[in-house]
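Notes follow once the structure below has been shown.
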Amino acid sequence: MRLQINLDKNSVKKSIFEAFLYLLSVHKYEDITVYEIVEHAYVSRVTFYKYFKNKDALLAEVINRLQEEFRTLLKWDTDLLNQFSMSRKKDVYIILYPYTYRILDYFRSKQKLINRLCKMNHQNLDFIEVMHKTYHDYFVQVLPEPFYAALNDSTIEYYSLFMTNGVFSIIEKWFKANFEESIDDVIDKILVLLITNLSALYLEVESQAKKDPQDN
């Protein structure tokens with residue numbers, strides 16, 4: 001006979017989440033059943049379906065929570081790129097280092113879960129795609145104001161896609177290599193890519209400003 005535990009709504013969802021995350025750590029997502037989830041969560045199937053339409057809905061909420069945590073980290077300093085000049089690459093590296101470390105350290109703290117999510121083959125719930133879109137949407141919003149004043153939207157989008165795709169390709173490779181590289185090594189690769197291209201964009205902005213001195 002199953003042990004029934006009386007829990008409030010938050011505790012029930014927490015129990016289901018913890019059971020699901022445990023099962024993800026030991027089984028492929030495709031092999032996990034709702035029956036196994038409720039057995040480990042000590043809740044009934046009726047209770048499970050009260051909160052989640054199906055297993056995919058539970059997975060979607062797990063990814064959404066990671067996405068929200070990532071979005072919060074990205075917003076650590078929304079005015080960061082407006083606080084310094086892009087012309088001195090060493091200074092930019094020093095300023096961006098702690099911000100980048102904070103994000104990668106967060107990912108490393110979720111290593112087991114991320115490893116499992118990266119190995120999944122789910123057509124509608126692509127963890128990397130979700131996280132990249134979150135990063136891209138944030139990146140576009142925080143580019144320095146002079147960039148928007150000097151460049152058209154299509155140029156901004158081109159650079160943003162190029163840089164965020166590059167950054168997340170590095171991060172995805174790190175994920176799939178089981179986080180073997182040190183955070184410092186990954187940061188170095190990310191910041192070399194970002195700073196090189198941000199500096200190029202900065203030079204283009206300066207060039208555009210010289211062509212249109214009346215706008216200064």
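The values are calculated or read from the model by the stated rules, or taken from the named source; none is laboratory data. Not measured: the values here are computed from a predicted model. Every residue, glycine among them, receives a Cβ derived from its backbone with ideal geometry; neighbour counts consider all protein chains shown. These area figures cover heavy atoms from the full protein model, side chains too; ligands, DNA and RNA do not enter into them. Shrake-Rupley method; radii C 1.70, N 1.55, O 1.52, S 1.80 Å.
For the reader, a short list of remarks on this structure follows.
- Summed over the residues of the chain and divided among them, the accessible surface reaches 58 Å² per residue at a probe radius of 1.4 Å.
- Unit charges on C-beta of K, R, D, E only; dipole of the chain, Debye: 860 debye
- Cα gyration tensor category, rounded, prolate or oblate, for segment 93-137 with a/c compared to 1.5: oblate
- Cα-based reach from Lys110 at 18 Å (exclusive), listing aspartates and glutamates while leaving out same-chain residues under 8 positions away: Glu18, Glu61, Glu68, Glu69, Asp126, Glu129, Glu172, Glu180, Glu181, Asp184
- Fraction of accessible area attributable to carbon and sulfur, the chain (%, probe 1.4 Å): 50 percent
- By the helix-only formula, in which each DSSP H run with n ≥ 4 contributes -39500 (n - 2.57) and the sum is divided by residues, the chain has a 222 nm mean residue ellipticity of -24000 deg cm²/dmol.
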